[in-house]
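**Q** I'd like to ask you about the structure that follows.
The values are calculated or read from the model by the stated rules, or taken from the named source; none is laboratory data. Keep in mind that this is a model prediction, so the values were computed, not measured. As a convention, Cβ positions derive from the backbone with ideal geometry for all residues, glycine included, and neighbour counts pool all protein chains shown. Side chains included, ligands, DNA and RNA excluded: accessible areas come from the protein's heavy atoms. Shrake-Rupley method; radii C 1.70, N 1.55, O 1.52, S 1.80 Å.
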Amino acid sequence: MDTEQLLAPEDASPLGRSRADVLDMLRAADGPLGVREVAQRMGLHPNTARFHLEALADAGLAVRETQDRDTPGRPRIGYRAVADGPAGRRRYRLLAEMLTSMIAGTMPEPGRAAEEAGREWGAYLTEQPPPYQKLTAEEAVGKLTAIMEELGFSSQAEAGDDGGQYRLCLRHCPFREVAQDHQGVICALHLGLMRGALARMRAPVTATRLDPFVEASLCVAHLTEREN
């Protein structure tokens, strides 16, 4: 393992389309914006908006501000863009390596633990349809494709040759370097995330497996319609 790479600061790579749009919105706002305001303006689920806002705050690109309320309840948290950009250097790859190696080395079933964590986060970041509203398989696959885009993948869905089968092509994994050394953890996490998201949608389709690195920067998730 290359220690210099682990200790190198994060580069100035793009934030991803949605997160960059959220940052642009904060920069254009007259004052701090709350999670619901950002979600409404961006057309995002509130949990997804919160996910992006917290990531921007952790990266030093935004700050959290506590605001007074006119009605009883907990103080409102607003987010404001930082004019001068991030302070200090971030080493998230080192953190990812540390946590992933701990899971792989200490847990009796690291893959299962990672998949369960992925399911929980997938459900958390996904908007549930209203009661009695059913999504078609195509709609669910489209929503899942958008969720994976939000998380940093370049994703594209394809219908399989057999009816009821889909392929979700995931390019440019945001954790590629870590996943290459810890496929059993990172890929299980992503598979669980997709399963949790589809379950939250009450989708008529499930993720059956994830084939990692079928090409240098391509992983493929296989989705199958469930029988009624």
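**Q** So in the stretch 92-134, with the set limited to residues that are free of Cβ contacts under 8 Å to residues at least 60 places away in the same chain and assigned to a loop (DSSP other than H, G, I, E, B), which one is most open to solvent (accessible area, probe 1.4 Å)?
**A** That would be Y132.
**Q** Moving on to the next point. Which residue is nearest to A123 (Cα to Cα), if the candidates are limited to the stretch 206-228 and must be surrounded by 15 or more Cβ atoms within 10 Å (Cβ to Cβ) and among the hydrophobic types (A, V, I, L, M, F, W, C)?
**A** By that ranking, first place goes to A207.
**Q** Can you spot a residue in the stretch 190-212 that is part of a strand (DSSP E or B), modelled with pLDDT of 95 or more, in contact with an Asp or Glu (Cβ under 6 Å, 6 or more places away or on another chain) and under 25 Å from T48 (Cβ atoms)?
**A** yes
**Q** Could you check how many residues of the stretch 128-154 are modelled with pLDDT of 90 or more and of a type in the set (G, A, S)?
**A** 4
**Q** Collect the residues in the stretch 30-45 that are modelled with pLDDT of 90 or more and surrounded by 14 or more Cβ atoms within 10 Å (Cβ to Cβ), keeping them in residue-number order.
**A** Answer for the stretch 30-45, where residues must be modelled with pLDDT of 90 or more and surrounded by 14 or more Cβ atoms within 10 Å (Cβ to Cβ): P32, L33, G34, V35, E37, V38, A39, R41.
**Q** For the stretch 167-190, give me each residue that is open to solvent by 60 Å² or more (accessible area, probe 1.4 Å) and in contact with a strand residue (DSSP E or B) (Cβ under 8 Å, 6 or more places away or on another chain).
**A** Selection gives R167, R171, H172, Q180, Q183.
**Q** Going through G142, G164, G152 one at a time, which residue ends up being of a type in the set (G, A, S), touching a residue at least 60 places away in the same chain (Cβ under 8 Å) and surrounded by fewer than 15 Cβ atoms within 10 Å (Cβ to Cβ)?
**A** Result: G164 is the single residue among G142, G164, G152 that is of a type in the set (G, A, S), touching a residue at least 60 places away in the same chain (Cβ under 8 Å) and surrounded by fewer than 15 Cβ atoms within 10 Å (Cβ to Cβ).
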